[in-house]
1. How would 533, 257, 560 line up by accessible area, probe 1.4 Å, largest first?
2. Using the Karplus curve 6.51 cos²θ - 1.76 cosθ + 1.60 with θ = phi - 60°, work out ³J(HN,Hα) for each residue of region 35-51 in order, rounded to whole Hz, and write x for Gly and Pro.
3. Average projected area of the Cα convex hull of region 18-62, in nm²?
4. Amide H of residue 144: which non-local residues (sequence gap of 5 or more, or other chain) have their own amide H closer than 5 Å, using H built in the peptide plane?
5. Whenever you get a sec, compute what percent of the accessible area on region 410-551 sits on carbon and sulfur atoms (1.4 Å probe).
6. Scaled to the compact-protein estimate 2.2 N^0.38 Å, what is the alpha-carbon radius of gyration of region 440-591, rounded to two decimal places?
7. Net charge within 12 Å of residue 257 by Cβ-Cβ distance, Lys/Arg positive one each and Asp/Glu negative one each, not counting residue 257 itself?
8. Tell me which of 346, 632, 362 sits at the most positive position along the dipole axis of the chain, charges placed on C-beta atoms (Lys, Arg +1; Asp, Glu -1).
Amino acid sequence: MDLKDKFAGLMRQRKGRLTHEMVLAPGKFGLGKTPERLQPDSTTSMICGFCSTGCSLKIHLKDGKAVNLTPDPEYPVNLGMACPKGWEALTPLKADDRATMPMLRGEDGKLAPVEWDAALRLFTDKLKATIARHGRESVAFLSTGQIPTEEMFMLGLLTKFGMGLVHGDANTRQCMATSHVAYKQSFGFDAPPFTYKDYEESDVLVFFGANPCIAHPIMWERVMMNPRKPEIIVVDPRQTETALAATRHYALQPKSDLPLLYGLAHILIREGWIDQAYVDAHTSGFEAFREHVKTFEPAFVGKLTGLGQAALLEFAKSLRPGKRVSLWWTMGVNQSHEGVRTAQAIINLALLTGNMGKPGTGANSITGQVNAMGSRLFSNTTGLPGGRNYQDAAHRKEVADILGIDAAIIQQKPGLAYDQILAGVKEGRIKALWVIATNPAHSWVDQEEFRRVAANLELLVVQDMYHDTDTAQLAHLVLPSAGWGEKEGVVINSERRLGLFKKVYPAPGQALADFYIFKLIAKYWGCESLFKDMDTPEQAFHTMSRLSVGRPCDFSGIEDYKMIDREGGIQWPLPALTSKATASAATVPASDNGNASAVIPAATGSAAPTAPRKIVRERRLFEDGRYYHPDGKAKFQFGPPQPIPEPVTPEFPFALLTGRGSSAQWHTNTRTGKSAVLRKLYSADSLVEIHPEDASRLKVVAGEWVIVRSLRGQARARAAVASTVQPGQLFMPMHDVEVNRLTFPSYDPHSRQPSYKHCAVRIEKEKAD
Ligand code: SF4
């Protein structure tokens, strides 16, 4: 063969590994063409395990095991679409660093495998000894929004009612605590009012501190399906991917969103651009709110936000009654030193203009993690199951009666928040910490402080699907857990839709679903009677369902997992048909029970259904204008804006903004970093965006390594010179482990959610050795 033939053979090889792998064959089950080597013999659908969009993925099964997946075309959320993370969801299950056995750190400082029996004896003996020596408050746990609701529920029951712990929180504190508190205070219950159809039905969509193009790409696809040629307004200091695609972008000064929102309310009221009839009928506190915003005149607000008076007027005009306006927010608002008041200022705009309970409207919090909503309702951390309050004796009794426990064992106030737990560790009051499916050694604000604090612990237990996360590397004991796809349970998405995780892949080695780890711990602890009717996740679901009865989130109308599957997910509320309440919150009035959070009527009557129940697939709340406060009204909530906790200084002259880097990354990259496909979709190196004027002044050229430094630490990154940030600002994606060495530990006083979005830094050229 001459050289020419050899070369041609190389370029057009018809046989060999890659060619074989790429052969497609007609797929069954309506799948179109699928790789021949991955032909399934059956399929099932389940919810993706990353973000709160809650897309459904059709899993291709061969001999009962997942071999491939495609987005589910039938599901009302994603309509056949998925982002890169969803397409690659099976890959992280096969990673080499899966935890397959419990591991104990030996005297040589290394983790070594031990049997489950030894691990759980040690877990139980050490924690019981700690409690005996230092009291119930000396042991705490930190959980997650990534596991199914049944598992969060079991953990909450086990720790608070079985083990007798007082303090436990979750990474949902970093994600949705602000929205939770904002809704609860404004509406009387933590109730995101929207359905995704609202993306398609708005005339004006306003995104505050949200970048759905890459953070919630399927929600953005729903925006793109809007046939009404909507105005899309983005409020963000940075020119994000969403801002670039928007019709209007207000690049305000970082953390000036609260004065901006009060300024908009000022103009709307001054100009009479409000829905006074709605305000009068369905809200309380309007007069005091009107007084409050009087001082937020455009000239004053313009100075704080950097937006001109004409721009403010133009913005306010877009919100005038007459059009369908939907207001959306996510982490740019939630992760703020005054996130709750900012979220409520957005809610206030929707109330003022009557943009609630109608198609294409709403004050809508986009959730972060796949099951943050499950955590908010059932984790038994900041509130009792079903969105009840620890402080309320009637609520404690209801929970105790349903669970068959003594109400006296239920604590009368919530335990400490995440940051307060870490302060307790620092001060030596908390001696042992159990971390489940989260990675604070990477994700916690002011990360170096977390690492210093963790060194104080007598026992750090990490329960995770990987044995080498940043946090597992600090652990004394690692418990191996099954991941998404290896266990079952219910998750609740941003629009309150319950969907299913299913077991479609075997967990490796001795890894167990968290549900069964909690059951085992209950057995070793001696409190397994707590779970006597909850041998499977579905049985635990039925207990949760009973706990939801009469609550705004009542889903007692869901008969079983099969019904969730059959219906394409089910939004709460869905009370049982034996209740006078029906499927729509519009017909579910709040009753005046004298409590801070209202209830819907308890099940009464016995009308048995004669025909299959028809469930509307996309439902929004508050169609009848009734909210969950005892008076049935929404409350205007407000307060004075607070100064930025760490303003820039001559020594640290840049404001550092952080956020999601790409649609291929999830949080600390423990899972997405395992996919070679996803890794190709983002920079392998840490990046810092810097404005061209600043780069030129500092003689920083694109692509060179620089050091970003704050009072707490430093990070090395390549300079990305781009006018996406304004002069005086830098942006770094949150997924790189160095970023939280820089962030400043400040917290919203109401939600105790950390503020990740602003701290003072400087940038330096890296010195040559
Ligand atoms: Fe999964 Fe979220 Fe991507 Fe949908 S948008 S596929 S839920 S990560």
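The values are calculated or read from the model by the stated rules, or taken from the named source; none is laboratory data. Here the structure is a predicted model, which is why all the values come from computation and not from measurement. Cβ: placed from backbone, ideal geometry, glycine included. Neighbour counts: every protein chain shown. All accessible areas refer to the heavy atoms of the entire protein, side chains included, with ligands and DNA or RNA removed. Shrake-Rupley method; radii C 1.70, N 1.55, O 1.52, S 1.80 Å.
1. Order by accessible area, largest first: 533, 560, 257.
2. These are the phi-based 3J(HN,Hα) values: x, 4, 6, 10, 5, x, 9, 6, 9, 8, 10, 7, 7, 4, x, 9, 9 Hz.
3. One quarter of the hull surface, i.e. the mean projection, equals 3.9 nm².
4. Here the answer is 171, since their amide H atoms fall under 5 Å of that of residue 144.
5. C and S fraction of accessible area: 50 percent.
6. Working it through for region 440-591, the quotient is 1.31.
7. Local charge sum for residue 257: +1.
8. 362
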